[in-house]
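*Asks:* One structure, pasted below without further comment.
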Amino acid sequence: MVANRGEIAVRVMRSAREMGIKTVAVYSEADRNALHVRYADEAICIGPAPSNQSYLIGDKIIEACKKTGAEAIHPGYGFLSENAVFARQVREAGLILVGPSPEAMEIMGNKLSAKAAALKYNIPMVPGTEEAITDVAEAKKRASEVGFPILIKAAAGGGGKGMRIVDNAEAFEEQMALAVSEATSAFGDGSVFIERYVSSPRHIEIQVLGDTHGNIVHLFERDCSVQRRHQKVVEEAPSFILTPELRAQMGKCAVDVAHSVNYTGAGTVEFIMDDNLNFYFLEMNTRLQVEHPVSELITGIDLVKEQIKIAMGEALSFKQEDLSITGHAIELRVYAEDPANDFLPDIGTLQTYKTPKGPGVRVDDGFEQGMEIPIYYDPMIAKLITYGSDRTEAIERMVRAIDEYQITGITTTLGFGKFVMQHEAFTSGNFDTHFVKKYFNASVLKDEDADEAKVAAFIMSNLLETAKNGHVTGAITNTETSNWVKNRKQIS
């Protein structure tokens with residue numbers, strides 16, 4: 001059973017089908033006609049549209065397993081994928097979770113216990129506190145010792161919630177109160193800690209795989225530094241800035257972190273890197289990541305198949321020395337969001353939906369033309385992934401694929417993605433997690449839209465003039481210049 005929806009549900013089902021494994025879909029009333037429902041061998045409705053009445057109810061998912069005879073549950077990402085309580089429910093029901101143990105989820109699900117586990121292997125940490133703050137005065141003193149600016153972070157959860165940058169001691173107590181309040185509201189846990197604020201960070205993560213026989217390997221890194229609201233939008237593998245030596249060091253640290261909790265399945269160890277290439281442990285995600293396709297493309301490993309094999313008790317069929325990097329891959333998350341309006345969701349109907357094709361292009365999606373983007377869930381429509389022999393080719397293919405991707409009826413992040421691919425900071429590799437704040441503003445996309453409108457107006461005017469004069473258009477000879485080219489030159 002795939003206890004998820006959208007593109008990740010379809011993605012998991014495809015690998016299962018190739019392995020000869022039948023799949024069961026679960027769906028809410030809002031997803032009755034969804035692609036993952038039609039793709040599965042069997043499907044069961046588990047409740048109303050809101051996720052807290054359907055996809056987040058573990059009892060309903062387990063009951064659906066019993067009804068259909070499903071033996072294992074793949075949780076995808078999001079929803080219950082990192083929920084230790086659900087993982088225990090699955091175990092107690094005599095079912096198999098395609099993922100790590102509840103114990104590993106619990107430790108790595110809290111940033112403080114994750115840091116404690118990682119410290120056993122001397123993993124580099126950002127200077128700060130190693131336990132939750134209970135005494136504000138003492139924490140303020142410690143913050144001064146670490147040196148401002150500092151970051152107050154929630155111990156639970158993620159997505160930037162419960163996170164506050166503090167520039168000086170005078171602002172510490174106010175920002176502390178705000179961070180605790182936000183963390184309590186978002187996660188039901190007001191525990192926070194402090195770290196030195198890394199001002200120009202890169203977000204580098206390492207993909208790991210561990211089996212039930214004690215074997216753990218890493219599948220190299222992904223650079224996820226292009227973000228909005230602390231959430232990733234563009235990811236690539238390998239990272240442009242890592243040397244082979246640094247890659248080996250970070251890979252070993254990631255494997256050690258996984259060993260600290262006897263990790264099984266696919267997971268990701270995340271690091272923050274400063275402008276001097278010093279790296280520090282951030283957290284571990286105990287599930288499959290949204291951006292896993294870029295790792296698959298550079299290694300040739302199907303991570304979903306490996307997850308399923310591990311859950312079946314099989315040992316990894318390869319060792320670390322068997323793995324190598326070939327080529328370069330980039331992923332753009334195609335969201336139903338308006339980048340010109342602070343990336344706010346833009347829900348609606350996919351009036352036109354045509355995906356790009358051709359060499360080195362992969363689209364993981366769960367929608368078709370005419371379908372609606374539900375307001376109840378994450379607004380991601382698809383993941384657009386391109387692969388090339390090197391980074392330049394992967395970027396060129398991404399630009400071409402974005403141009404070929406046709407979506408109307410809603411605003412998407414495609415235009416933003418093209419802006420990123422063509423920006424000098426990205427093409428040179430000289431960027432960090434502040435890329436959006438530094439380089440992007442709404443006028444960039446509005447100017448591009450205006451240019452495209454001018455092109456369309458010129459073309460239409462020319463066609464009308466041609467029809468008026470009774471000319472018959474035909475193929476352009478080598479000595480002719482197309483009217484479109486003439487008009488385009490006038491515009492530029």
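The values are calculated or read from the model by the stated rules, or taken from the named source; none is laboratory data. All of these numbers come straight from a predicted model, not from anything done at the bench. Cβ coordinates were reconstructed from backbone atoms using ideal geometry, including for glycine residues, and neighbour counts include every protein chain displayed. When the accessible area is computed, the model is the full protein with side chains, heavy atoms only, and any ligands, DNA or RNA have been set aside. Shrake-Rupley method; radii C 1.70, N 1.55, O 1.52, S 1.80 Å.
*Asks:* Could we say that ASP256 is farther than 28 Å from ASP342 by Cβ and of a type outside the set (Phe, Trp, Tyr) here?
*Replies:* So ASP256 fits the description; yes.
*Asks:* Still on this structure, please answer the following. Name the pairs: first residue in the stretch 345-365 and over 26 Å from ARG229 (Cβ atoms), second residue assigned to a strand (DSSP E or B) and of a type in the set (Ser, Thr, Tyr), Cβ to Cβ under 7 Å, at least 6 apart or on different chains?
*Replies:* Once the first residue is over 26 Å from ARG229 (Cβ atoms) and sits in the stretch 345-365, its partners that are assigned to a strand (DSSP E or B) and of a type in the set (Ser, Thr, Tyr) give GLN351/THR408; THR352/THR408; GLY360/THR386; GLY360/TYR387; VAL361/THR386.
*Asks:* Follow-up question, since we're still on this one. Condition check: assigned to a helix (DSSP H, G or I), out of contact with any helix residue (DSSP H, G or I) (no Cβ under 6 Å at 6 or more places or on another chain), open to solvent by less than 20 Å² (accessible area, probe 1.4 Å) and more than 23 Å from ASP211 (Cα to Cα). Does ALA104 satisfy that?
*Replies:* no
*Asks:* Across the stretch 241-251, what is the number of residues that are surrounded by fewer than 21 Cβ atoms within 10 Å (Cβ to Cβ) and either of a type outside the set (D, E, K, R) or touching a residue at least 12 places away in the same chain (Cβ under 8 Å) (or both)?
*Replies:* Of the residues in the stretch 241-251, 7 are surrounded by fewer than 21 Cβ atoms within 10 Å (Cβ to Cβ) and either of a type outside the set (D, E, K, R) or touching a residue at least 12 places away in the same chain (Cβ under 8 Å) (or both).
*Asks:* Another one. May I ask you to list the residues in the stretch 315-334 that are over 24 Å from ALA382 (Cα atoms) and either open to solvent by less than 60 Å² (accessible area, probe 1.4 Å) or not acidic (Asp, Glu) (or both)?
*Replies:* Correct list: ALA315, LEU316, SER317, PHE318, LYS319, GLN320, LEU323, SER324, ILE325, THR326.
*Asks:* Among the residues of the stretch 269-284, count how many are aliphatic (A, V, I, L, M) and either part of a loop (DSSP other than H, G, I, E, B) or open to solvent by 40 Å² or more (accessible area, probe 1.4 Å) (or both).
*Replies:* Total satisfying the criteria: 1.
*Asks:* Restricting the first residue to the stretch 368-384 and requiring it to be closer than 23 Å to GLN289 by Cα, which pairs with a second residue that is surrounded by fewer than 18 Cβ atoms within 10 Å (Cβ to Cβ) and among the polar types (S, T, N, Q) meet a Cβ separation below 6 Å and a spacing of at least six or different chains?
*Replies:* From the stretch 368-384, no pairs qualify.
*Asks:* Which count do you get for residues in the stretch 1-55 that are more than 27 Å from THR355 (Cα to Cα) and assigned to a helix (DSSP H, G or I)?
*Replies:* 3
*Asks:* Looking only at residues in the stretch 207-230 that are buried (at least 18 other Cβ atoms within 10 Å of the Cβ) and touching a Gly at 6+ places or on another chain (Cβ under 6 Å), which one is nearest to LEU151 (Cα to Cα)?
*Replies:* The qualifying residue nearest to LEU151 (Cα to Cα) is VAL208.
*Asks:* For ARG88, state whether it is in a helix (DSSP H, G or I), basic (Lys, Arg) and out of contact with any strand residue (DSSP E or B) (no Cβ under 9 Å at 6 or more places or on another chain).
*Replies:* So ARG88 fits the description; yes.
*Asks:* Tell me which residues, restricted to the stretch 68-81, are under 24 Å from the mean Cα position of the chain (by Cα) and open to solvent by 40 Å² or more (accessible area, probe 1.4 Å).
*Replies:* The one that is under 24 Å from the mean Cα position of the chain (by Cα) and open to solvent by 40 Å² or more (accessible area, probe 1.4 Å): PHE79.
*Asks:* Which members of the stretch 147-161 meet the condition of being surrounded by 13 or more Cβ atoms within 10 Å (Cβ to Cβ) and more than 20 Å from SER199 (Cβ to Cβ)?
*Replies:* ALA154, ALA155, ALA156, GLY157, GLY158, LYS161 - these are the residues of the stretch 147-161 that are surrounded by 13 or more Cβ atoms within 10 Å (Cβ to Cβ) and more than 20 Å from SER199 (Cβ to Cβ).
*Asks:* Still on this structure, please answer the following. Test each condition in (1) open to solvent by 10 Å² or more (accessible area, probe 1.4 Å); (2) closer than 23 Å to ALA40 by Cα for CYS65 and report the one that comes out false.
*Replies:* Single failed check for CYS65: (1).
*Asks:* Quick check: is even one residue across the stretch 360-368 exposed (fewer than 13 other Cβ atoms within 10 Å of the Cβ) and out of contact with any Phe, Trp or Tyr (no Cβ under 8 Å at 6 or more places or on another chain)?
*Replies:* no
*Asks:* Taking SER15, is it among the polar types (S, T, N, Q), in contact (Cβ under 8 Å) with a residue 60 or more places away in the chain and crowded, with 19+ Cβ neighbours inside 10 Å?
*Replies:* Against the criterion (among the polar types (S, T, N, Q), in contact (Cβ under 8 Å) with a residue 60 or more places away in the chain and crowded, with 19+ Cβ neighbours inside 10 Å), SER15 does not qualify.
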